[in-house]
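**Q** I am attaching a structure below and will ask some questions about it afterwards.
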Amino acid sequence: MANIPQGPSKNNAEEANTLAEHSKVNTVWISIAFVVVLLALFVAFVAQNAQNVTVHFLWLNGTISLALALIIATLVGAVTTFIIGSIRIWQLNRKNTQTTNQQGSK
């Protein structure tokens, strides 16, 4: 019969650690591959939207790359969402802490 490996033995911690390290390495490589794909998509987006557009905002006027204008708009939206979400989470945590303190004092 062929000797087929059955995975790490329960008594051998070194084998388990080696497998855990390989899992971490795999996770890092998958993450790097994901970032490279996102970067390639970003470069394609910028290249396809390189034409200049005129932007009017309140009293400001200017010419800017369409890609840059879209990226700025996306970042402003993300930051706004983050700030509003953070304030709401802070409110809920404060309310939860107050409720817990009131129940604990009874």
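**Q** Give me the pairs, please: first residue somewhere in segment 55-78 and among the small types (Gly, Ala, Ser), second residue anywhere and assigned to a helix (DSSP H, G or I), beta-carbon distance under 6 Å, and either six or more positions apart or on two chains.
**A** Taking only residues 6 or more apart or on different chains, the pairs are 67/46.
**Q** Pick out the one residue from 58, 66 that is loosely packed, with under 10 Cβ neighbours inside 10 Å and among the hydrophobic types (A, V, I, L, M, F, W, C). Don't jump to the end; show me each part of the working.
**A** Values: 66 fails: loosely packed, with under 10 Cβ neighbours inside 10 Å.
Residue meeting the stated conditions: 58.
**Q** Let me ask something else about it. Testing residue 50 on (1) at pLDDT 85 or above; (2) under 30 Å from residue 72 (Cβ atoms); (3) not basic (Lys, Arg), one condition comes back false. Which one is that?
**A** Going through the list (1) at pLDDT 85 or above; (2) under 30 Å from residue 72 (Cβ atoms); (3) not basic (Lys, Arg), residue 50 breaks only (1).
**Q** Here is a list: 30, 87. Which entry is modelled with pLDDT of 90 or more and in a helix (DSSP H, G or I)?
**A** Of the residues listed, the single one that is modelled with pLDDT of 90 or more and in a helix (DSSP H, G or I) is 87.
The values are calculated or read from the model by the stated rules, or taken from the named source; none is laboratory data. Everything numeric here is computed off the predicted structure, so don't read it as measured data. Note that each Cβ is placed from the backbone with ideal geometry, even for glycine, and that neighbours are counted across all protein chains shown.
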